[in-house]
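What follows is a single structure, written as structure tokens, with notes after it.
The values are calculated or read from the model by the stated rules, or taken from the named source; none is laboratory data. Note that the structure is a prediction, hence the values are computed from the model and not measured. Please note: Cβ atoms are built from the backbone with ideal geometry, for glycine as well, and neighbour counts cover all protein chains shown. Just the protein is used for accessible areas: all its heavy atoms, side chains included, with ligands, DNA and RNA removed. Shrake-Rupley method; radii C 1.70, N 1.55, O 1.52, S 1.80 Å.
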There are 2 protein chains.
Amino acid sequence: MAIIKTEIRTGAYFDSVILMLLQRSLAELPGVEDAGVVMGTPANLDLLEQTGLLVDEIKGVKADDLVLVVKAKDAQTAQGALAQVDELVAARRSREGAEADFLPKSLESAGKILPGANWVLISVPGRYAAGVSREALRLGKHVFLYSDNVTVDEELDLKKAGADNGLLVMGPDCGTAIINGIGLGFANQIRRGMIGMVAASGTGLQQVSVRIHQLGGGLTHALGTGGRDLSSRVGGITARMALDLLNRDPETRVIALVSKPPDKEAADDILNFARGLSKPVVVNFIGYQTTLQKIDNLQFASTFDETAEAAVALAVSTESQEINNQIQLDGFAPGQRYLRGLYSGGTLAYEALLVLEHYLPDLYSNVPINKKMKLENSLVSQENCIVDLGEDEFTVGRLHPMMDHELRLMRLEAEAEDPEVALILLDVVLGHGSHPDPAAELAPAVAAAIEKAHKANRRLDIVVTLSGTDLDPQDMAAQQDALEKAGALVFQSSDRAVRYAGRLMRQLNEISESQLPPSFKGVDLASLQGDFSAINVGLESFTESLKTQGAAVIQVDWKPAAGGNADLAALLEKMKA
Amino acid sequence: MAIIKTEIRTGAYFDSVILMLLQRSLAELPGVEDAGVVMGTPANLDLLEQTGLLVDEIKGVKADDLVLVVKAKDAQTAQGALAQVDELVAARRSREGAEADFLPKSLESAGKILPGANWVLISVPGRYAAGVSREALRLGKHVFLYSDNVTVDEELDLKKAGADNGLLVMGPDCGTAIINGIGLGFANQIRRGMIGMVAASGTGLQQVSVRIHQLGGGLTHALGTGGRDLSSRVGGITARMALDLLNRDPETRVIALVSKPPDKEAADDILNFARGLSKPVVVNFIGYQTTLQKIDNLQFASTFDETAEAAVALAVSTESQEINNQIQLDGFAPGQRYLRGLYSGGTLAYEALLVLEHYLPDLYSNVPINKKMKLENSLVSQENCIVDLGEDEFTVGRLHPMMDHELRLMRLEAEAEDPEVALILLDVVLGHGSHPDPAAELAPAVAAAIEKAHKANRRLDIVVTLSGTDLDPQDMAAQQDALEKAGALVFQSSDRAVRYAGRLMRQLNEISESQLPPSFKGVDLASLQGDFSAINVGLESFTESLKTQGAAVIQVDWKPAAGGNADLAALLEKMKA
């Protein structure tokens, strides 16, 4: 019958690769049936139980205890195997020895050997990771923090320090990034291109970048932030810095922003920040709900596939270059600040409300989205408001406003006289059944309204959605021409008409995308440029991977301070500071 | 000083065109300064007030009183003008007289003159509209009900009667439709094409159809339902019938479904119904929020522009032809009903959860979207579940599952032994940093799992998302090949992998798109085909418009029963029934 022997080592440090290799070496010894070499976490103990290795002696261990278990044909073999542990580790170490002799023991000395290295990759166990990161920031390096099991408090501390000094803290739990073509951590080999990525999601970044490649697109840089960056506590510090950096990067034409569902306030905040950028941003906040799929330069996608498709399409689109251009605001008088919509089409009015709520606060209407914003009297405008003149209340014993313009003409005149009004939105719906020549009645009224405002030293913009086709009985081109000659700005797309109005009103009222001053020092663009050069602390496979990719990299022969003794290490840290 | 004289006529009926013309005629009489001829609604009284015509005598009128107001240079002129009202109306009537003499006085006689007419357009005042509609349904005609101010109770009655007899009740307050190229009510002239529309929104239908035309696309038919059809009370009766009809129409390849924000339950219901169709459906429930922009054959759009763009793109896409095809379900044993996902990528796991919640109820996970669905023990699967093996709980002192497959191989074996498991989802993430040859370890395990299930007379589907590029160090093609040879179904798109799994599980568990039997008799396809022929009751301009478009149409010389006296009319109605 097989016998199980165990050993517990408290406070011992071995990296994960060593643990895995050690377990395999033990299991391969003659007479050994199975072996476990794990840290004593609940999950690991459960696994030992599943494989029948969880014996009573180890049931009380702690998460930072190293647990060694050997199941062998007899007690002697099991004990003998455990006795070889140090030998096996030493053998592994000596195999690395020749190389390790030349490795720097600290970040500081590594920095001296490779002075161009401005990135530090850190994958030491979570409890040591913040300390190593602080050291890297002290040396003026950007941090790629692969380690998980780092507290939010530590994350916030590190990111604030980074923000003050123009240094990116990517992570903790940041699995992936691509800087100037070089993959850090887990990263696919992606074609170079025009798309930049910011991602609070490791496999999100990987899967979107992979699909971009498969669709024929390519990347400039892909910056991971760690999965908690868009939590309300951290507030997207790294995401902002990364967005700002890619916005200034001349190679990047489109940005893809990916995150697991962020906290609502952090999401609103980061979206406001992203709206202030000059480049199109494809947003995939997995599971995030919005009433509009496009808002200014933002375009929402709900899956990785859609994110990649949208980014690739935008990168080759010429339209994307016209985003967020300044609208001419000359001529408005002080006090002109409201928008009024006079609609004949009910759902056109409703779409206008829906779009404008992303541009303007407090929109009144006789058909409001939010009942609190109902106009007291549909016949009298209040502040910003949209009126549907085709509502039942207006059409008892009266023709629909698409046929009878009386009501609208009267109202247009009233709005033009209001010194607080800057812009009037109108729809003109052509087609069978509608008025045979709406421009004949509306164009003179538009011209008169604009003229009246001019005489009072005001500018009045009249923005028209012209809904019709070239086959409609009214002669669409002639209608458009007449309205434009009267001074109206005519759009055939309701969407574009309303967004134009929204952007103008937003700029006129100086509703800024981000009310806050930037809360960080911008990262130097040069960090992304030139040959990539880094220091790696932790998993050696990351050094190997960087070398394979042709990057300059130096591995630190890191050991926890004081042999992993936390108290002693804290004391050493204090003495250092 | 100008003098105002008024007259109130109770229970008088004039159509809206007559009222408008009468007002203009009065205002044009010599010595008359202004005139108002309106029904006494609050809105109309407000308007009279604005133009200074609201005098005390008419302040107490009711909404169905006809109010006549004349402002003239002196009392005699004003009184004289009012005295001419009947004369002016008579003059107008006699101008129409020659024609009117030949017009049928009832729907029934109109139907005899034009027996092919299977559509009736109704635009009489709201209070008479339900009665005329009932008559039309009695005669076996579809109803296009333009009138507003019809109660929900009446709407529901009419629609139920229509549903029982395969007759469409479009409206009340249905402003527009296009049947076989002929526009009803307000409708634009749109190119014929492959897109069918169903809209509970008049200008929504118009603007989307206009944009479809402008983008080079075209329509088969566009069916309005009235704005309240998707309320919870009406429950989308007409929308269902219209969707079903277009789904059977061989000319229609894509359906666009537009509505003002529907009630939540009505929306869920109609979306479930739409998912059961065999054609792609672009959905614009203005303001509706969803976590996924695409679900099976449904694609969500947030503005009219986007709706038109998506419909036009789908109409020419070949992919849209593959929608909702049946998945082969042979070989599963009774009792096999669960899906298990074993993920190494955290956000890939999360996206899987997000997509699958639209396919399967009750998904457990160690990283659930809804906290109630958290796995009791991450190491033990429950029902349908998705496990992220890269979570912190698994990675203390252990390599990430992208590098170390031990955990996953163990779990894969366990899932394969579970007789309730039908499908296992895996991700395989290639790239720098990941395992150098994942298929070498995973493919044999996949083959063994499938073999084990087969020996127990079960089918086990293993669906793999392979995330990588042709430039990755692992040789993606070889990885895919090895996994496929082992029996896995490999996708490069995470989206498609998960949707495939979702659809298979949904069909396996017979989760039907619509649990309810169809609650209506389907409309005969022939109603849409052949030359359009209709009867019009109400606004004569609709008859003119139909004639212009080349349709066969007959106008009914309709007058309210009993001269508009409601009590007498009700009595007549009773005697008739």
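Below is a table of values for the structure above.
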{"quantity": "Positions within the range A:211-250 being within 21 Å of A:K264 (Cα to Cα), among the polar types (S, T, N, Q) and away from every other protein chain (no Cβ under 14 Å), in sequence order", "calculated": "A:S231, A:S232, A:T238"}
{"quantity": "Matching residues, the range B:169-207, being within 16 Å of the chain's Cα centre (by Cα), among the β-branched types (V, I, T) and more than 11 Å from A:H432 (Cα to Cα)", "calculated": "B:V169, B:I195, B:V198, B:T203"}
{"quantity": "The range A:110-125, residues that are of a type outside the set (A, V, I, L, M, F, W, C), in contact (Cβ under 8 Å) with a residue 24 or more places away in the chain and either open to solvent by 40 Å² or more (accessible area, probe 1.4 Å) or within 14 Å of chain B (Cβ to nearest Cβ) (or both)", "calculated": "A:G116, A:N118, A:S123, A:P125"}
{"quantity": "Set A:T307, A:T290: member being at pLDDT 95 or above and within 14 Å of chain B (Cβ to nearest Cβ)", "calculated": "A:T307"}
{"quantity": "Checklist (1) at pLDDT 95 or above; (2) more than 30 Å from the chain's Cα centre (by Cα); (3) not polar (S, T, N, Q) applied to B:I535, failing item", "calculated": "(2)"}
{"quantity": "Scan of the range B:274-290 for residues that are open to solvent by 30 Å² or more (accessible area, probe 1.4 Å) and in contact (Cβ under 8 Å) with a residue 24 or more places away in the chain, ordered by number", "calculated": "B:G276, B:S278, B:Y288"}
{"quantity": "Extreme residue, nearest to A:E391 (Cα to Cα), among residues of the range B:5-59 that are touching a helix residue (DSSP H, G or I) at 6+ places or on another chain (Cβ under 7 Å), open to solvent by less than 40 Å² (accessible area, probe 1.4 Å) and in a strand (DSSP E or B)", "calculated": "B:V38"}
{"quantity": "Of all residues making up the range B:45-58, the number that are facing chain A (nearest Cβ under 10 Å) and acidic (D, E)", "calculated": "2"}
{"quantity": "Residue, modelled with the lowest pLDDT, within the range B:460-479, restricted to residues that are surrounded by fewer than 16 Cβ atoms within 10 Å (Cβ to Cβ) and either within 44 Å of the chain's Cα centre (by Cα) or over 30 Å from A:Q549 (Cβ atoms) (or both)", "calculated": "B:D470"}
{"quantity": "Selected residue (criterion: farthest from the other protein chains (Cβ to nearest Cβ)) from residues of the range B:259-273 that are open to solvent by less than 30 Å² (accessible area, probe 1.4 Å) and out of contact with any helix residue (DSSP H, G or I) (no Cβ under 6 Å at 6 or more places or on another chain)", "calculated": "B:A266"}
{"quantity": "Members of the range B:184-210 that are within 7 Å of chain A (Cβ to nearest Cβ), assigned to a helix (DSSP H, G or I) and either in contact with a Pro (Cβ under 6 Å, 6 or more places away or on another chain) or aliphatic (A, V, I, L, M) (or both)", "calculated": "B:V210"}
{"quantity": "Any hit, the range B:147-163, residues being within 14 Å of chain A (Cβ to nearest Cβ), open to solvent by 30 Å² or more (accessible area, probe 1.4 Å) and under 21 Å from the mean Cα position of the chain (by Cα)", "calculated": "yes"}
{"quantity": "Positions within the range B:28-44 being among the hydrophobic types (A, V, I, L, M, F, W, C) and more than 10 Å from every other protein chain (Cβ to nearest Cβ), in sequence order", "calculated": "B:L29, B:V32, B:A35"}
{"quantity": "For A:Y343: the one exception among (1) modelled with pLDDT of 95 or more; (2) open to solvent by 50 Å² or more (accessible area, probe 1.4 Å); (3) among the aromatic types (F, W, Y)", "calculated": "(2)"}
{"quantity": "Unmet criterion (only one of (1) open to solvent by less than 60 Å² (accessible area, probe 1.4 Å); (2) in contact (Cβ under 8 Å) with a residue 40 or more places away in the chain) for A:K105", "calculated": "(1)"}
{"quantity": "Pair list, Cβ under 7 Å, 6 or more apart: the range A:253-269 residue over 15 Å from A:Q289 (Cβ atoms), other residue of a type outside the set (D, E, K, R) and open to solvent by 60 Å² or more (accessible area, probe 1.4 Å)", "calculated": "A:R253/A:M194; A:V254/A:M194"}
{"quantity": "Strands (runs of 3 or more DSSP E) wholly inside the range A:102-183 containing at least 3 residues that are over 18 Å from A:D531 (Cα atoms) and out of contact with any Lys or Arg (no Cβ under 8 Å at 6 or more places or on another chain)", "calculated": "none"}
{"quantity": "Residue within the range A:420-434 that is touching a His at 6+ places or on another chain (Cβ under 9 Å), surrounded by fewer than 22 Cβ atoms within 10 Å (Cβ to Cβ) and not hydroxyl-bearing (S, T, Y) present", "calculated": "no"}
{"quantity": "Conditions (1) within 14 Å of another protein chain (Cβ to nearest Cβ); (2) closer than 16 Å to A:I554 by Cβ; (3) open to solvent by 30 Å² or more (accessible area, probe 1.4 Å): number failed by A:Y128", "calculated": "(2)"}
{"quantity": "Residues (assigned to a helix (DSSP H, G or I) and either charged (D, E, K, R) or touching a residue at least 60 places away in the same chain (Cβ under 8 Å) (or both)) located in the range B:451-484", "calculated": "B:E451, B:K452, B:K455, B:D481, B:E484"}
{"quantity": "Qualifying position, being among the aliphatic types (A, V, I, L, M) and part of a loop (DSSP other than H, G, I, E, B), among A:L243, A:L277", "calculated": "A:L277"}
{"quantity": "Only listed residue being polar (S, T, N, Q), closer than 26 Å to B:E540 by Cβ and within 9 Å of chain A (Cβ to nearest Cβ), chosen from B:S25, B:S16", "calculated": "B:S16"}
{"quantity": "Residues located in the range A:477-511, provided they are small (G, A, S) and within 12 Å of chain B (Cβ to nearest Cβ)", "calculated": "A:S493, A:S494, A:A497"}
{"quantity": "Subset of the range B:60-77 (residues that are of a type in the set (D, E), within 12 Å of another protein chain (Cβ to nearest Cβ) and open to solvent by 50 Å² or more (accessible area, probe 1.4 Å))", "calculated": "B:D64"}
